[in-house]
Amino acid sequence: MSVLSRHQVATAGRIVVKVGSSSISGANIGQIAPLVDALAAAHGRGAEIVLVSSGAIATGMPYLQLDERPTDLATQQAAASVGQNLLIFRYQDSLDRYDIVAGQVLLTAGDLENPAHRGNAHRAMDRLLGLRILPIVNENDTVATHEIRFGDNDRLAALVATLIHADLLVLLSDVDALYTRAPHLPGAERIDHVASGDRLQGVEFGASRSGVGTGGAGTKVSAARIAAEAGTAVLVTSTGLVAEALRGDKVGTWFEPALP
């Protein structure tokens, strides 16, 4: 069913959740288990869940003896190749507690721009969800080039939500909501609700402050607009509040979807 307000979240039939690199890698690897707990709870009540997870490069970095995110494409691809395997293993290891099976889906921007590839992706995702598999989606960093990248997984998540006609998109980060400016700055005010079509004039959004992620508040707003304009409700909050978000509690910033 269409989700138009927070109190309908618990009835959402199809949900996309996006988590960033900094939330599930390095010192925050322990957040994978509670994230899976929240996804499993929604799955258990009958919702179809898709997880869009960054983290392949960040997960692979220690195994390539890298202390910071590589800047050259070849090393990024190598780190992603190692990290993606480990990332999926960690998710599946946690999902095993609930007898939920994950399916890996790797996409490039070209896959969603090419009508044939887009149709294949849609069909595969629909079938996985119909089989009660939990798809874990990431950009295919091992083969993607600068020219065909999504740019960040917030945008990928919005495009996936649009592709599968999701009722709700939850964008997770290390901040509890969107603010009128960076939350550590004086005068920053929390944004609770964004009406359909609101351009958020005068609000300042910066880039990610993480050393491993590529997104930030600005990318989340852009992604939220893509999904909301296509009719999918969007909630932006922190990874630590994902359980509350999927219950419909009043957390984060709610983007009202456009009416059909």
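The values are calculated or read from the model by the stated rules, or taken from the named source; none is laboratory data. Source: prediction; values computed, not measured. Backbone-built Cβ (ideal geometry, glycine too); neighbour counts: all protein chains shown. Accessible surface is based on the protein model in full, side chains and every heavy atom, while ligands, DNA and RNA are left aside. Shrake-Rupley method; radii C 1.70, N 1.55, O 1.52, S 1.80 Å.
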Inset, instruction - Out of ALA33, ALA27, report the one residue that is open to solvent by 10 Å² or more (accessible area, probe 1.4 Å), under 18 Å from GLN92 (Cβ atoms) and outside any strand (DSSP E or B). - result: ALA33
Inset, instruction - Considering only residues that are within 30 Å of GLU48 (Cα to Cα) and in contact with a helix residue (DSSP H, G or I) (Cβ under 8 Å, 6 or more places away or on another chain), look in region 180-201 and name the one that is least open to solvent (accessible area, probe 1.4 Å). - result: VAL194
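Take ALA58 and tell me if it is touching a Leu at 6+ places or on another chain (Cβ under 8 Å), farther than 24 Å from ILE15 by Cα, part of a helix (DSSP H, G or I) and open to solvent by less than 50 Å² (accessible area, probe 1.4 Å). Give the steps one after another, and end with the answer.
Working: touching a Leu at 6+ places or on another chain (Cβ under 8 Å): no; farther than 24 Å from ILE15 by Cα: yes; part of a helix (DSSP H, G or I): yes; open to solvent by less than 50 Å² (accessible area, probe 1.4 Å): yes.
Spelling it out, it is not the case that ALA58 is touching a Leu at 6+ places or on another chain (Cβ under 8 Å), farther than 24 Å from ILE15 by Cα, part of a helix (DSSP H, G or I) and open to solvent by less than 50 Å² (accessible area, probe 1.4 Å).
Anything in region 97-111 that is open to solvent by 20 Å² or more (accessible area, probe 1.4 Å) and either in a strand (DSSP E or B) or in contact with a His (Cβ under 9 Å, 6 or more places away or on another chain) (or both)? List them, or say none. So that I can check it myself, show each step before the final result.
Restricting attention to region 97-111, the residues satisfying the condition of being open to solvent by 20 Å² or more (accessible area, probe 1.4 Å) are 97-99, 101-102, 104-106, 110-111.
The answer is TYR98, ALA102, GLN104, VAL105, LEU106, GLY110, ASP111.
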Legend entry - Unique residue being small (Gly, Ala, Ser) and at pLDDT 95 or above when the list is ALA109, ALA124: ALA124
Legend entry - Pairs with Cβ under 6 Å, 6+ apart, first in region 55-71 and free of Cβ contacts under 8 Å to residues at least 40 places away in the same chain, second β-branched (Val, Ile, Thr): GLY60/VAL82; TYR63/VAL82
Legend entry - Inter-residue pairs, beta-carbon under 9 Å, first at positive phi and in region 153-175, second part of a strand (DSSP E or B), 6+ apart: HIS165/ARG14
Inset, instruction - Give the residue that is modelled with the lowest pLDDT, with candidates limited to residues of region 129-157 that are open to solvent by 40 Å² or more (accessible area, probe 1.4 Å) and part of a helix (DSSP H, G or I). - result: ILE148
Inset, instruction - Would you tally the residues in region 83-128 being within 18 Å of GLU48 (Cα to Cα) and free of Cβ contacts under 8 Å to residues at least 24 places away in the same chain? - result: 6
